[in-house]
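Okay, so here's the structure we're looking at.
Bear in mind that the values in this text are calculations on the coordinates, not laboratory data. Please read these numbers as outputs of a predicted model, since none were measured by experiment. Please note: Cβ atoms are built from the backbone with ideal geometry, for glycine as well, and neighbour counts cover all protein chains shown.
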C-alpha cells in the first residue's frame, strides 16, 4: 500500500472509529488506542509492511477523540441543581437547553486548535523546539513544581459565605479546600505506590496507570449519574452566533494551554487549560468552551506530534509512548505525513460531528442518564478487570474513593492529577527514590 | 444553636419533590451545596445517599490505600529473565540477575558522572542497563564501575522502544548490587 493511501485510510478509519466510540462516556483515546495496537500487533507484518497506517490511525483517533468526547462530557454531566453555580459552562448550557450549541462551540475551538497546529506550530517546530527543549530541560523540574503550587493555591473556597461569622463559617470555607489538598496528597501517594511497587501483574505494566485513571475520573462521574436522579432537560438545536473575537480569544488561550501541557512532562490538557484561562482572564462562558476544545486538540495531537518532530523525538502523552514501542520516526517524510493525516481527520470529523451531535441530543434529551451510566460503569469495570486482573480492580476501587472526594466536597477534580504530578516532580528533582525509601517502598 | 424543626408543609413527599434543593426547606433562603442551613441550622433534606457516599468515599480511599501500601511493602519486584521481556512489560519495575560480558561504560561531563551503561547477560539473553545523572553517580560511588565477569542483581524500570528494543533503567542506586566480582576485579 502506498504511503498516501496508508495516510488516507488510517486517518479515515481512526476518525470513524472515534465517532463510533467516543460518545460513550468514560472511554479514553489511550485505552482504545492501546487495544487497537494490541490487535494490530497480532497481525503478522502489519507494522513492517504499512508503518504509516497505525500512525495515521492513531492521529485520526486522537483528533476524533478531541471532537466526539465533547458529546458525553456535556450531555451526560448533569449537575445537581444545588451545585449549579459551581459547575462548568458546558453543564450550565445543558441545563438551559443549549447543549448542542455548547458542543458546536467546543468543536469550533477544536478547529482553531487544528489550524494553529497544522499551519503555524508544526512548520516552525523542527527549527524552534529542539533548541527550546535543550534550554528548558534543566529547568523542567521546578516548572512542574510551580504548576503544582499554582494549581493548589488558586482554588477558591466554595462555602462559608453565608451565615454568622466564626469558627463554623471558617470551617465551611476550608472544607472544600482541605478536600482538594487531601485529594492531591492521596492521589500522589497512590502514584508512588504504582510507580515503585505496582501491584499489577508484570505483563499488564503497559497499562499500569489505566485502572487508576479510570477510578479517579470515570467511575465517580458515572457513579454520581447512577445515584442522582437528574434528567437531561429538553434541548434546542438553535445555535448562537459566535463573534470572531470570542472565537479567536478562546482558541488562542486554549492553544497556548494545550501547547504548554503537551511540552511539559506530567502536565495534562486540563491543567494547561486552567493555566491559560487564568493567564487570559477568561470570563465569557462561550470563550471558555472554545478554549476547552482548542486545548484538548492541541494537547493530545501536539503531544503525538512532538514524538515525530525531526531532531526532537520527545515522548509525551500515552499516544507517543504507545507508538514508540513499534515505530521509529523517520524524519520529515513521516512528520508531514502525520500532519496530512491530522488535516484529513479534522476535516472529516468536523463534517460528521453536527449530525452525530444532533442524533445524540435527540436520543438523550428528556431522559435520565442512569441507564447509559450503568452500562458504561459495567463496561469500564470489565475492561479494567480483563486487562489488569483483580489487582487492577483494587487499584480502580481505591482511586474511585479518591476521585469521589472532589466531586462530593465540591473541590477541583484536577487535584486527582497528583497521581502523576507528585511522583514525576519528585523524580525529576532527584528526590523520588528518597521519598520512596522514606515510605519504605524501595 | 438548636436545630429548627421542619414546617409541616415541607415534611410531605410531594413538597420534597417540588422543592428546590438549593434552598433551605425551613427558611427558604439560598444555601447552595451546604448540608445544613447556615442561617437557621435546618437540615437541607437532601437524599441521605450523598452523605453516606461522602463518608464512604473517604473510607474507601483510606482503606484501599492501606491495603495497597501493605501489598507494596510485602512485595518484592518480580524477577524476570532477559528472554521473557516483551512489549507488555513496558514501565514494569522488575529485578534481573546476570553477568556482565564486558566492562560497564561511564560517561563523564566535566567532573560529574552523566551516564552508566552495561549489558546484563543471563541464560535466556541479554539486556542493556542504564542509569543517568545523580543515580549513575550514586551507583558508581556505592559499587564502583561494574566490570566484565561481575555477577549483578539489579532492579529498575523496563523501557520498550521501537522494534521491541528493551532496556532496563535504574531509578534507585541501592538497587544495583554486585553479588560476585569477576576475574578482572582486584
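Observations on the model:
- Simple spin-label estimate for residue A:203 and residue A:237 in nanometres, 7 Å along Cα-Cβ: 4.9
- Average other protein chain Cβ within 10 Å of Cβ, residues B:75-87: 2
- Calculated mean residue ellipticity, 222 nm, the protein assembly as shown: -18500 deg cm²/dmol, from DSSP H runs (n ≥ 4) at -39500 (n - 2.57) each, averaged per residue and rounded to 500.
- Cα gyration tensor category, rounded, prolate or oblate, for the range B:92-131 with a/c compared to 1.5: oblate
- Each peptide in A:381-392, A:59-70 receives the mean, over its residues, of other Cβ atoms within 10 Å, and ordering these scores from highest gives A:59-70, A:381-392.
- Peptides ranked, highest mean first, by Cβ atoms within 10 Å: ranges B:82-90, A:284-292: A:284-292, B:82-90
- Chain A: relative contact order as a whole-number percent, Cα under 8 Å and 6+ apart: 29
- Exercise: per-residue mean of other protein chain Cβ atoms within 10 Å, B:170-179: 2
- Volume per residue for the range B:82-180 equals 91 cubic angstrom (convex hull of Cα atoms).
- Other protein chain Cβ atoms within 10 Å, averaged over every residue that makes up A:201-209: 6
- Separation of the residue A:374 and residue B:51 label points, Cα + 7 Å toward Cβ, nm: 2.7
- Estimated inter-spin distance, residue B:63 and residue A:135, nm [label 7 Å along Cα→Cβ]: 5.4
- Rounded, prolate or oblate (a/c below 1.5 giving rounded, otherwise prolate when a/b exceeds b/c) for the range A:324-442 by Cα gyration tensor: oblate
- Rounded D (µm²/s) - the range B:45-99, Kirkwood Rh over Cα pairs, Stokes-Einstein at 25 °C, 0.890 mPa s: 165
- For the range A:267-284 versus the range B:50-114, the gap between their alpha-carbon centres in whole angstrom: 33
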